[in-house]
Every structure is written in structure tokens, then in C-alpha cells.
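A.B. asks: Here it is: the structure, laid out below.
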Amino acid sequence: MGLLDSVMGMLGGGGQGGGNAALLNAVVGMLGNDAQGGGLAAILGKAQQSGLGDVVGSWIGHGQNLPISADQVHSMLGSDTVANLAKQLGLPIGDTAAQISKMLPDVVDKLTPQGQLPQGGLGNVADLLGQLMRR
């Protein structure tokens, strides 16, 4: 079973399948946005500023992934980012943050199998989605 199947199962009945795929695409896009000053490295920096560096570090490193709450997602990503994702997905802000909190640890874990940030960032969305489907 690929990560997409795992993520869709994890999100369960919390929306339509297309909405879950759109959420995964949005999360992966956010992680791979290195060229525009974003990406996983920027999220890690925001997490450290928010006191969540150990949480995100657990997703990148080897071992068990620490959970993150919807409120912590808001703190880490910023309310504007969560609101923009919610608008893009057509979901309420609280639901968007809650679903991101369920999805983000596993996605980051799967995209950093070596236990560290890759040199030069994660790459583009199409490549990242391809990586997720192979794992």
C-alpha cells in the first residue's frame, strides 16, 4: 500500500476522496516550495521558532513521529497559510488544520528516508508525489 492509500485511509470518511487528494497535493506543494523561500526547510525554521523543532525533527529523523495538533499547525504555519490552504481546498479552516496535522508527519517522514533534509530541498511537486507513491 502506498502513502497516498495510507493517508486516505487515515483521513477516513472526513471528506471526499478528491478532497483528500487535493489536500495531499497542497501539503506536498507546500513542502516542495523551496524555490519561493518556502519548503520543508522554511517549515522547520518556523517550527523551531514556535517551539516545535523537536516535533518536526522527529518526522525527519529515524524513529517514531511525534504528533502535532491543529493548534500547533496554526502556530507553525501561520494563520494566513492555513487560511489560504482552506480556501484553496474549500474546507473550513479548523478542518484544514486538523487534516494537515494528521497528514504532515507521515508525508515528511516518507520524503526524508535518510533521516535528514536533502541537499537542495525536496524538489518539485510531481517528483515528490512520485516518491510518495513508490514508498
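The values are calculated or read from the model by the stated rules, or taken from the named source; none is laboratory data. Everything numeric in this text was worked out from a predicted model, so none of it was measured. FYI the Cβ positions are ideal-geometry reconstructions off the backbone, even for glycines, and counts take in every protein chain you see.
A.B. asks: Could you list, in sequence order, all residues of the stretch 70-90 that are acidic (Asp, Glu) and more than 15 Å from the chain's Cα centre (by Cα)? Lay out the reasoning, then the answer.
C.D. replies: Of all residues in the stretch 70-90, those acidic (Asp, Glu) come to 71, 80.
Answer for the stretch 70-90, where residues must be acidic (Asp, Glu) and more than 15 Å from the chain's Cα centre (by Cα): just 80.
A.B. asks: Got a sec? Which of 83, 70 is buried (at least 17 other Cβ atoms within 10 Å of the Cβ) and either of a type in the set (Gly, Ala, Ser) or at pLDDT 90 or above (or both)? Please lay out each step first, then the result.
C.D. replies: Working: 83 fails: buried (at least 17 other Cβ atoms within 10 Å of the Cβ).
Testing whether each residue is buried (at least 17 other Cβ atoms within 10 Å of the Cβ) and either of a type in the set (Gly, Ala, Ser) or at pLDDT 90 or above (or both) leaves just 70.
A.B. asks: Pairs under 6 Å by beta carbon, first residue without any contact (Cβ under 8 Å) to a residue 24 or more places away in the chain in the stretch 47-68, partner part of a helix (DSSP H, G or I), six or more apart or different chains?
C.D. replies: That search, which allows pairs on different chains as well, returns 53/47.
A.B. asks: For the structure I just gave you, tell me whether residue 7 is in a helix (DSSP H, G or I) and either on the phi > 0 side of the Ramachandran plot or modelled with pLDDT of 80 or more (or both).
C.D. replies: Numbers: in a helix (DSSP H, G or I): yes; either on the phi > 0 side of the Ramachandran plot or modelled with pLDDT of 80 or more (or both): no.
The answer is no for residue 7.
A.B. asks: I need the full set of residues from the stretch 46-69 which are more than 14 Å from the chain's Cα centre (by Cα), within 21 Å of residue 110 (Cβ to Cβ), in a helix (DSSP H, G or I) and not charged (D, E, K, R), in order please.
C.D. replies: The one that is more than 14 Å from the chain's Cα centre (by Cα), within 21 Å of residue 110 (Cβ to Cβ), in a helix (DSSP H, G or I) and not charged (D, E, K, R): 53.
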